[in-house]
Each structure stands twice: as structure tokens, then as C-alpha cells.
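Below is one structure, written out as C-alpha cells; the observations come after it.
The values are calculated or read from the model by the stated rules, or taken from the named source; none is laboratory data. Since we're looking at a predicted model, the values are computed, not measured. A quick note on method: Cβ atoms are made from the backbone with ideal geometry, for glycine too, and the neighbour counts reach across all protein chains shown.
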Amino acid sequence: MSEIQTRTLRRDQVADAALRVLGESGSRGLTHRAVDAAAKVPEGTTSNYFRTRSSLLEAALAHHVELDTPPEAGLAGVADLKLSDEDALDLMMSTIDRLLDSGNRSLLKARYELVLESSRHPDLHETFEPARDRFVGLAEALLAARGCEIPRQHGRQLIAVLDGVLIDAVLGASSSLDREEIRDLLTRQLGSC
């Protein structure tokens, strides 16, 4: 393996560990030392790759976007799809199931830590905004594929609803929606389109 490949792998390892730290300890727990420990690398490795906390947050966000956003190739043909309401609902529920899977809970928590950080840091917001626009675009394509007449407006609304469902799940309150209640909510959302 070349030195460049080794450095790239180590950067990804550190960025992945930063996401884990964010998900487990929150934004306040994100330190270079904590990321070194989570990545199981020698102390000082994280600061060699990401000198400042801001650059570490940017790396974590970029890595999260890479993990959570479908590649462009996977989106080919979406605009040509024709979906029934049931097909659209099944696609949304499979996404929700993946995001709410207990193995992904830390990543989901990290997402909202990064959302809050991006609201405070313009540089992070510049990375976050296009990723969010891409998710809105996917929602618009899904709604258009099932015949929605105003997919742009309803796509934004659908993403807001999905964000609410995910935040509700992260909170883990006894009043959180179960899978069937989420399905019912999304069915009603589709019905309004």
C-alpha cells in the first residue's frame, strides 16, 4: 500500500472515530484526544490530520455525508420511476428502518450534533446545505414518481416530517412513535400530496 493510500485510510479512520465520539459524547466530547482514543491511534494522530476543532468537525461532517448520501450513480433513473403509494411508503419505511436501526443510533445522534454545529459555523453550513438539498431532491423525486403535482413543496415538507420522526426517535421518550405510527404518519403525508 502506498503512503498516500495509508494516509487516506488513516484520515477516514479518524473521521469515522470523530463521528462515533459525536454520537456517544456529543459535541462537547469531541476533542482530538477523544478521537485518538476512539480510533485507537497514537496520541496526536488526529491533530496531525486535523489541526483545529473546526477542521475535525468539517471532516466528520464530510464523512457523514459520504456515508449517508446515495452515490450519484445510484440515483440514475430516479426521475423515470413510477411508484404506487405503497411502493413510495415502502421506500420511505426502509430508509427509516435503516436510520433507526440500533446499530446506526450513534450515527443518527452524530447527525444532529453536526446539524447544530452547522447552524453555528458558516463553513460547516456550506458542507451541510448541499447534502440537505440532495435529500430534499430525493424526496421530490420520490413524490413526483408517485404522481405528486407539487413535488418541490411537498418534498421539503416530507423531509421536515422525516427529521421530526428521527429526532423523536433519538430522544427515546416513552411517547416516541412506534413503527406502525410512523407508517401511518407517512401514509397521511403521502395522502396530502
Q: Could you check, for the stretch 93-101, whether at least one of its residues is surrounded by fewer than 16 Cβ atoms within 10 Å (Cβ to Cβ) and over 27 Å from Gly147 (Cα atoms)?
A: yes
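I'm checking my understanding of the structure. Among residues of the stretch 107-159 that are of a type outside the set (Val, Ile, Thr) and assigned to a loop (DSSP other than H, G, I, E, B), which one is surrounded by the fewest Cβ atoms within 10 Å (Cβ to Cβ)?
So the first thing to find is which residues in the stretch 107-159 are of a type outside the set (Val, Ile, Thr), and the list is 107-114, 116-126, 128-135, 137-149, 151-158.
Remaining after also requiring assigned to a loop (DSSP other than H, G, I, E, B): 121, 146-149.
Working: His121: 17, Arg146: 19, Gly147: 13, Cys148: 20, Glu149: 9.
Within the stretch 107-159, the match that is surrounded by the fewest Cβ atoms within 10 Å (Cβ to Cβ) is Glu149.
Here is a list: Leu177, Leu166, Leu162. Which entry is assigned to a loop (DSSP other than H, G, I, E, B), surrounded by 14 or more Cβ atoms within 10 Å (Cβ to Cβ) and of a type outside the set (S, T, N, Q)? Show your work before the answer.
Numbers: Leu166 fails: assigned to a loop (DSSP other than H, G, I, E, B); Leu162 fails: assigned to a loop (DSSP other than H, G, I, E, B).
None of the other options fit; the residue is Leu177.
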Would the stretch 85-102 turn up any residue that is within 23 Å of Gly155 (Cβ to Cβ) and either of a type in the set (Val, Ile, Thr) or not assigned by TED's automatic domain parsing to the domain that holds Asp178 (or both)? yes
Scanning the stretch 17-59 residue by residue, the ones that are free of Cβ contacts under 8 Å to residues at least 60 places away in the same chain, in a helix (DSSP H, G or I) and either assigned by TED's automatic domain parsing to the domain that holds Phe128 or within 18 Å of Arg120 (Cα to Cα) (or both) total 6
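Kindly indicate whether Ser102 is of a type outside the set (D, E, K, R), closer than 22 Å to His64 by Cα and within 13 Å of the chain's Cα centre (by Cα). Steps first, answer last, please.
Values: of a type outside the set (D, E, K, R): yes; closer than 22 Å to His64 by Cα: yes; within 13 Å of the chain's Cα centre (by Cα): no.
Criteria not met by Ser102.
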